[in-house]
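None of the figures in this text is laboratory data; all of them are computed from the coordinates on show. Treat the numbers as computed from the prediction; the structure is a model and nothing was measured. In this analysis, Cβ positions are derived from the backbone assuming ideal geometry, glycine residues included, and neighbour counts consider all displayed protein chains.
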Amino acid sequence: MSDRLASIISLIIGSQTRIALFVDGRMAKNNLNNITRLRNELDKLGSIRISTLFFDHQIDSSESSDYKNAGYKVEIIPNYITIKLAMESIDTALKNMVDTIIIGSDDEEVFQVVSKIKENHTIFVVVSNPEINPSLAKIADLTFSLGNLDELSDYISNIVE
């Protein structure tokens, strides 16, 4: 992590960071513990204003309830989750609703579209599962794996202290 990024995040944290979290439901599938922990860790950074999981198929009601209990809104998108993730991120940034946008996706296409957010509107954080794609790491200010949230936890602990 660069010193520049650490100082930017420190400034934002001091002013109660507003966070949007958009996650491709395929990452959440069979991963409720990590999805829950992700949200809990991000709560330490600031106020989570938007927290949405996008699925491309119907999920059963108990699974939907589990995600809702973990603090997520569940949206069923028949197809094109990548486009929905990009559009929601861009819309949120343009409306200046948040300071930080976290996108959970392993699809490179979404990041090519939303890379402009980082230039003008917000610090852009990417969650990638299970391995971080090097090209995604270049676009994001911070990358971490949903499968290894200890790195995020340690980073947040150092910033918040």
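Quick notes on this one:
- Fewest-first sequence of Glu151, Glu41 by Cβ atoms within 10 Å of each Cβ: Glu151, Glu41
- Spin-label pair Asn40/Asn148, simplified geometry with 7 Å Cα→Cβ offset, distance in nm: 2.1 nm
- For the stretch 99-110, 3J(HN,Hα) computed residue by residue from phi via the Karplus equation (6.51, -1.76, 1.60; θ = phi - 60°) reads 9, 10, 10, 10, 10, x, 6, 9, 9, 4, 4, 4 Hz, glycine and proline entered as x.
- The slack in the chain from Arg49 to Glu108, taken as 0.36 nm per residue of separation less the alpha-carbon distance, amounts to 18.8 nm.
- Counting every other Cβ atom within 10 Å of each residue's Cβ, Asp154, Asp56 order from fewest to most as Asp154, Asp56.
- Computed lengthening from Ser115 to Ile159, 0.36 nm per intervening residue step minus Cα-Cα distance: 13.4 nm
- Karplus-derived 3J(HN,Hα) values for the stretch 28-41, using 6.51 cos²θ - 1.76 cosθ + 1.60 with θ = phi - 60°, are 7, 3, 6, 9, 4, 4, 6, 5, 5, 5, 4, 5, 4, 5 Hz; glycine and proline are entered as x.
- Approximate spin-label separation Lys95-Lys68, in nm, with each point projected 7 Å along Cα-to-Cβ: 2.1 nm
- Karplus-derived 3J(HN,Hα), 6.51/-1.76/1.60, for each residue of the stretch 53-60, Hz, glycine and proline x: 9, 10, 10, 9, 8, 5, 10, 5
- Those lysines that a straight Cα-Cα span of less than 21 Å connects to Lys29, excepting residues fewer than 8 apart in one chain: Lys68, Lys73, Lys84
- Taking a straight line from the alpha carbon of Lys44, these aspartates and glutamates sit under 12 Å away, with near neighbours fewer than eight places off in the same chain left out: Asp154, Glu161.
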